[in-house]
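Below you'll find the structure, written out as structure tokens, and then a few comments.
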Amino acid sequence: MTVWVSDCADQALLLAVCLSVGLLLLVLLLILTMCCLRRKKNKQGQYQELISAVPSVPAHSAPVIPVSQGFCARHGEIPFSLPPRCVPQNTAVLRDAESQEKEKEGALKVDAQRDILAHRGSLSVGSWYPVGSVLTGLYSMTPLSEVVAPPLGMATRLCFSVEYRHSSEQLVVSLLRLSNLLPRFHSNMTLVELRLLPDDRRPRQAKARGTGPDPEFNDCLIFQVSAVCVLRSTLSVCVLSVEKDGKRHAVGRVLFPLEGELGQAGRVLWRDLDPEEETQCSELGDVQISLSYSSSLQRLSLVVLGARGLQLLTDAGVCVQVSLQIHTQMVKTKRSCVVKGEQDPIFNYRMTFKLRPQHLDDACLRFELQHPNDNRSEPPALLGVLVLGPFMYARGLQLQHWMDMINKAQEPVRMWHRLGRAI
């Protein structure tokens, strides 16, 4: 009997525990259900407010042309208008009484603003309100391949583009046009010589297809160069004006270092020409030099023909000292005889130097026009200095003279150069 009572007590206790756990689970389920319903109701209310706050154009409305009477948009301007507040019909049923009241209040505010604009004289077409115009030029960008000429009165400029093709290891230079060419060159033929310094000795040439102030080229020139060497190279563009009798005049030059400039392929570039007349000092006078080189004999021959416009201090005369320099080492120095009493002396002094072909890119010639002093113990006065050599030492006509000497083997190349001051 005692055992049966004990079993009944255990069963009653187990039943009570099960009922407690079941009630607890039921309460938790009700709480979660209420939370989910409340969250869903809040999201639906936010969504309805968002729909009511965003104006939209009804689907049945006609296309809007934002042009008002009395308002004319100038060239390059787009009329800008504000649309009215519109309510989609399919969302009106979903709104509750509170949102409908807010909508009525908003409609009253729109009507009030419409009345204010009407009193101010604002014009509207199809209930769209013009507020001004948008200048399209402020938001437009010039394409990379578009050629836009610079304004008149600026320096002579060259338009070109540079692209490097890694697959074929080719540097492609596209010459497009010149702009603002000087009037004295308008009737001449325009010629362009391109070199890839410091290694390329053979120039590429391009001929303009027209004359006048803005001759066009539209030529594509290719240099075969490795990807390692192209970053250490400089593109030299020399613009020449050729007369009918074949006489050439240097218009200017552009030196374009390629390092850091090959990022955007096909980008149109404008560069000012450096006039050849301004790259050297002209107040000290000019000197005429003739150069020739023989690779078979390894001999550099030169002739100092004459000088003009020298600023002589006395009547003691003038002489020319020529030095061959390789890197920083002075190899050999020669001096001409003294020509007295002439401001435009004629020397015709010939000399030769032994120079190997592998040193053509490392050597230069230094010319010094000296004015001897009566006192032999004092050094002669320096009238002017000229340096002819590769890209390491010279620029402009001095560099061109040296490169022409290399390209025209055993053929004398004669050119006038302007003297500079000693550094």
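Just so it is clear, none of the values below were taken in a lab; they were calculated from the coordinates. Just so you know, these numbers come straight off a predicted model, no measurement behind them. For neighbour counting, all protein chains shown are included, and Cβ atoms are generated from backbone atoms with ideal geometry for every residue, glycine included.
Ser323 sits among other residues whose Cβ lies under 13 Å from its own Cβ, and their net charge, with Lys and Arg +1 and Asp and Glu -1, is +3. Amide H to amide H, with H built 1.01 Å from N, Arg267 comes under 5 Å of Val162, counting only residues 5 or more places away or on other chains. Backbone phi angles across segment 347-352, fed through the Karplus curve with coefficients 6.51, -1.76 and 1.60 (θ = phi - 60°), yield HN-Hα couplings of 9, 6, 9, 9, 7, 10 Hz in residue order; Gly and Pro are listed as x. The calculated FRET efficiency for the pair Arg267 and Arg184, based on their C-beta separation and a Förster distance of 35 Å, comes to about 0.65. The string of couplings for segment 356-372 from the Karplus curve (6.51, -1.76, 1.60, θ = phi - 60°) is 6, x, 6, 9, 5, 8, 10, 9, 8, 10, 10, 10, 10, 8, 10, 10, x Hz, one whole number per residue in order, with x for Gly and Pro. Once both labels are positioned 7 Å from their Cα atoms along Cα-to-Cβ, the gap between Gln205 and Ser20 label points is 11.0 nm.
Pairs over the 18 Å Cα-Cα cut-off, from the set Lys332/Lys408; Lys244/Lys408; Lys334/Lys408; Lys334/Lys354: Lys332/Lys408; Lys244/Lys408; Lys334/Lys408. Applying the Karplus relation 6.51 cos²θ - 1.76 cosθ + 1.60 with θ = phi - 60° to segment 33-41 yields 3J(HN,Hα) values of 4, 5, 5, 5, 5, 5, 5, 5, 5 Hz, where x marks Gly and Pro.
Using a simple charge model, +1 on the beta-carbon of Lys and Arg, -1 on the beta-carbon of Asp and Glu, nothing else, what dipole does segment 220-260 show about its Cα centre, in debye to the nearest 20?
That gives segment 220-260 a dipole magnitude of about 100 debye.
Centre-to-centre, using Cα atoms only, segment 17-32 and segment 368-423 are separated by 107 Å. How large is the dipole of segment 304-423 about the Cα centre if only Lys and Arg carry +1 and Asp and Glu carry -1, each at its Cβ, rounded to the nearest 20 debye? In debye, rounded to 20, segment 304-423 gives about 240.
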